[in-house]
Amino acid sequence: MTVTVKSAAVYGIDGFMVDVECFATGTFPKFTLVGLPDAAVREAYERIKAAIRSSGIEFPMTAITVNLAPADRLKQGTGFDLAILLAILKSSVLATTDTDGKCFIGELSLSGGIRRVYGVLSMCLAAKAAGIKEIYVPLENAAEAAVVDGITVYGVDNVNELIAHLTGLVQIKPTELDTGGLMAASYDGIPDFSDVKGQENAKRALEIAAAGMHNVLLIGPPGTGKSMLAKRLPGILPPMSFEEAIETTRVHSVCGALPKDKPLVVSRPFRSPHHTMSTASLIGGGKTPMPGEISLSHNGVLFLDELAEFKKDSTDALRQPIEDGAVTIARVNGRMRFPSKFMLVCAMNPCKCGYFGSPDHTCTCTPFARSQYLAKISGPMLDRIDIQIEVGSLTYETLRDNTPREPSAEIRKRVEQARERMTKRYAGTGIHANGQLTPAMIREYCVTDEKADAVLAAAFDRLGLSARGYDRILRLAKTIADMDACDIIGERHVAQAIQLRSLDRKYWQTV
């Protein structure tokens, strides 16, 4: 007798359906699992047998063959336990139980409990796309699955509860979620810009960066507030849309980074990895590729503090994801594509001792040591950073001044107004901000007047801009124009854009 029960799995961050086929015969008891399972899936038999017996059910004493179809795709994780258990029982004691149009996901404990698994949101989306009407997931994953509209979600605590529901003895209440209320953006716990004294130029630069999703480099001596400024950036970013929240949650769910009490990521991520991390941890990788920090930063901020301390191959590996908004990882076990649309914010000292160019301290680095330090940041990488701002030391009077400063909420209002202009202008294109414009879209939307064009032409020759640098100045100027509610890029907008991305000429001109 052959029975089939539906389950689901993830490949990268995308879900796909799996048919759990069970064939039982009356020969000597034996269990065989096929369909390209990994070690965790192959160990399912021992968990399932213990869970069945712990639930007071007799384990079928027959030869059982279980196939996970499609058999040519690698099956990973422990989420197939529940579907395999039901397929085995449907060949014996639950033969009359109807599982058509239902999908089952969950890991089994030896006592018959159903444990949380990763990637449930992606699996639920795949089940909905396949026409599944009901999905059964661990109770801890129920809220996450309920984010998906159009499919009935049942959170199940143990095997006995599930069997009682399927046989009609009890009725499990479907899990419902108010996604509208859930999407109310929370800025709790994010440090406020009102704490920052001075550094008005840096604040203005970060405001422009937030409005247009531009990459930023903060450079200056130690203790000037570079990290302090960067950590406050999420507080002025606009709230995420529901589509952005779904994209971000899928990545965090697959990585196991989704908090149990937060079924949907509604605040923009802020990731700050240490400079000792490997390139694979930053970009993504592993024997079976998993998302890295750049994907966990999707739709948010990736902050690289002490940029020059990162390995050069790690920072250079960011170049392609910054341009494409996604990264493709190829390994023996498969090729996977992960989203990586993020704001890159970097902070660094101008030299090893930290005081090159400082009016208050003497730099102790030799020209060669300084050159070697700055050479860790490649030209192509600098070319991809739209805003380069110098963060200088503060005076005693500035530190002693207790005048109330503008809070993040006020800055965010201006950012949201500029972003609304961009959203309307790029509706239907998949672009949300000026920092994401393609070269073809730059030609269409970044229109300059005659004076602005003259300033840009002079800067192109004087600064030796590359084609990419030229495009990025136009994107930045367009954001500044949007903040002034101007449709045409003017002379002042171009001049400020050039000023905000020409700092590399001061520090790297001799490197």
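What to note about this one:
- For R443 and H275, a Förster radius of 56 Å and the Cβ-Cβ distance give a FRET efficiency of 0.90, rounded to the nearest 0.05.
- Average accessible area per residue (Å²) across segment 325-410 - probe 1.4 Å, nucleic acids and ligands excluded: 50 Å²
- Kirkwood analysis of segment 260-373, using all unique Cα-Cα pairs, places the hydrodynamic radius at 15.8 Å.
- The angle between the Cα long axis of helix 81-90 and the longest principal axis of the Cα atoms of the chain comes to about 20 degrees, rounded to the nearest 10.
- Rh by Kirkwood over Cα pairs, then Stokes-Einstein D for segment 189-264 at 0.692 mPa s and 37 °C, µm²/s: 227 µm²/s
- Projecting the Cα atoms of H493, A50, T288 onto the dipole axis of the chain, where Lys and Arg carry +1 and Asp and Glu carry -1 at the beta carbon, places T288 farthest toward the positive end.
- Cα-based radius of gyration of segment 63-180 once divided by 2.2 N^0.38 Å, which approximates compact folds: 1.03
- The Rg/Rh ratio of segment 73-140, with Rg taken over Cα atoms and Rh as the Kirkwood radius over Cα pairs, comes to 0.96.
- Here the translational diffusion coefficient of the chain follows from Stokes-Einstein with Rh set to the Kirkwood radius across Cα pairs; for 10 °C and 1.306 mPa s it amounts to 62 µm²/s.
- Using the Cβ of T288 as centre and a radius below 13 Å, the other residues enclosed give a net charge of +4, where K and R count +1 and D and E count -1.
- Once the Cα gyration tensor of segment 47-110 is diagonalised, semi-axes √(5λ) in Å: 19, 15, 12
- Segment 138-280 - Rg and Dmax from Cα coordinates, angstrom: 20.9, 70
- Convex hull projection area averaged over all views, segment 1-78, Cα basis, nm²: 5.5 nm²
- Proximal charge balance of A24 [Cβ under 15 Å; K/R count +1, D/E count -1]: +1
- Student exercise, segment 145-302 dipole from Lys, Arg, Asp, Glu Cβ charges, in Debye to nearest 20: 660 debye
- Note: relative contact order over the chain, using C-alpha pairs below 8 Å and six or more positions apart, is 13 percent.
- Kirkwood Rh and Cα Rg combined as Rg over Rh, evaluated for segment 232-290: 1.00
- Where a label projected 7 Å from the Cα of R468 along Cα→Cβ would reach, residues of segment 271-292 with amide N under 20 Å: 279-280, 282-284
- Segment 266-388 - percent of accessible surface contributed by carbon and sulfur, probe 1.4 Å: 52 percent
- Amide H contacts of G15 (H built 1.01 Å from N, under 5 Å, at least 5 apart or other chain): A126
- Mean ellipticity per residue at 222 nm, deg cm²/dmol - from DSSP H runs of n ≥ 4 across the chain, formula -39500 (n - 2.57): -10500 deg cm²/dmol
- For segment 218-266, trypsin sites (Lys or Arg not before Pro) are listed when DSSP marks them as loop and at most 11 other Cβ atoms sit within 10 Å of their Cβ; the list is K260.
- Anchor K376: lysines whose Cα lies under 29 Å away (excluding residues fewer than 8 positions away in-chain): K203, K226, K231, K287, K311, K312, K341, K352, K506
The values are calculated or read from the model by the stated rules, or taken from the named source; none is laboratory data. If you're wondering where the values come from, they're calculated on a predicted model, not measured in any experiment. All Cβ positions, even for glycine, are placed from backbone atoms using ideal geometry, and neighbour counts span all protein chains on display. These accessible areas exclude ligands, DNA and RNA; they are computed on the full protein's heavy atoms, side chains included. Shrake-Rupley method; radii C 1.70, N 1.55, O 1.52, S 1.80 Å.
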